[in-house]
Amino acid sequence: SWFPFGEAIDNVCRSMQMEAKRHGHKLEKSFVGTLPRVWGDRERLEQVMLNVLSNAVKYTPDGGEIRLTAGTEGESVWMEVTDNGIGIPEEDKDRIFERFYRVDKARSRESGGTGLGLSIAREIVMQHKGTIELVNRPGPGTTVRVTLPIGGKADGSL
Ligand code: ATP
Ligand code: MG
């Protein structure tokens, strides 16, 4: 069904605020223009955003900076989460969307989780005919970008 994209992002941000604060992270959110309603499964798309945002919180040393931005581009909406954390080594970038793939097994075990988050996220985004990808930015940290067609799949499902 149709749901306000900005409201969904607000929700996700709000639910991570405590955890971000606990780690001394600065969590900033900004929208470029006004965000439209989007056709899709709101609950599952919030799950996507939550995983991406929680990864930023988890894989950034305490006192980090996490920025969530969103906007529209043509017939799509996009959302980006940027952190200044440990980053993802070049040789792992193609693999982090695979099931159970984690960059540093020992370190990841400490921080909990299963290594399924991004593979599930990709699954959900693909069901919406969207994309999820890493954005190459100079400097340390990670940027993940999600784009979704505003009108959903052409056949109106989901
Ligand atoms: P789960 O999401 O199931 O709790 P997870 O967060 O480890 O576990 P994914 O979300 O699938 O799993 O992420 C896969 C791996 O990609 C992570 O284990 C981590 O090594 C790496 N990764 C993901 N996001 C970031 C990030 N923002 N900074 C650094 N590494 C990241
Ligand atoms: Mg995760």
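Derivation of every value follows stated rules applied to the coordinates shown; laboratory data play no part. All values derive from a computational prediction rather than experimental measurement. A quick note on method: Cβ atoms are made from the backbone with ideal geometry, for glycine too, and the neighbour counts reach across all protein chains shown.
Computed over the stretch 117-158, the alpha-carbon pair-distance distribution with 5 angstrom bins reads 5, 21, 24, 19, 14, 9, 4, 2, 1, each value a whole percent. With a Förster radius of 30 Å applied to the C-beta separation of Met126 and Lys105, the computed FRET efficiency comes to 0.70. The three principal axes of the C-alpha atoms in the chain carry coordinate ranges of 44, 29, 27 Å, sorted with the longest axis first. Put the Cα centre of the stretch 109-158 next to the Cα centre of the stretch 7-26 and the gap is 18 Å.
Taking the Cα centre of the chain as reference, the dipole from Cβ charges on Lys and Arg (+1) and Asp and Glu (-1) amounts to some 280 debye. Segment Asp94..Glu7, full-extension length gain: 28.2 nm, with 0.36 nm per residue of separation and the alpha-carbon distance subtracted.
In terms of its Cα atoms, the stretch 46-112 spans 42, 29, 23 Å along the principal axes, sorted from long to short.
The simple spin-label model puts a point 7 Å past each Cα toward its Cβ; for Glu28 and Gln47 those points are separated by 3.2 nm. When only C-alpha pairs under 8 Å and at least 6 residues apart count, what is the relative contact order of the stretch 41-93, in percent? Computed value for the stretch 41-93: 33 percent relative contact order.
Give me Rg over Rh for the stretch 83-158, both radii from the alpha carbons and Rh done the Kirkwood way, two decimal places. Before the final figure, lay out the partial values.
On the way: Rg = 14.4 Å, Rh = 13.9 Å.
Dividing the radius of gyration by the Kirkwood radius yields 1.03.
The count of lysine pairs in the stretch 13-132 whose Cα atoms are under 19 Å apart, excluding pairs fewer than 8 places apart on the same chain, comes to 7. Within the chain, which is the longest segment containing none of the chymotrypsin sites (Phe, Trp or Tyr not before Pro) that sit in a DSSP loop and have at most 16 other Cβ atoms within 10 Å? Of all site-free stretches, the longest is 1-99.
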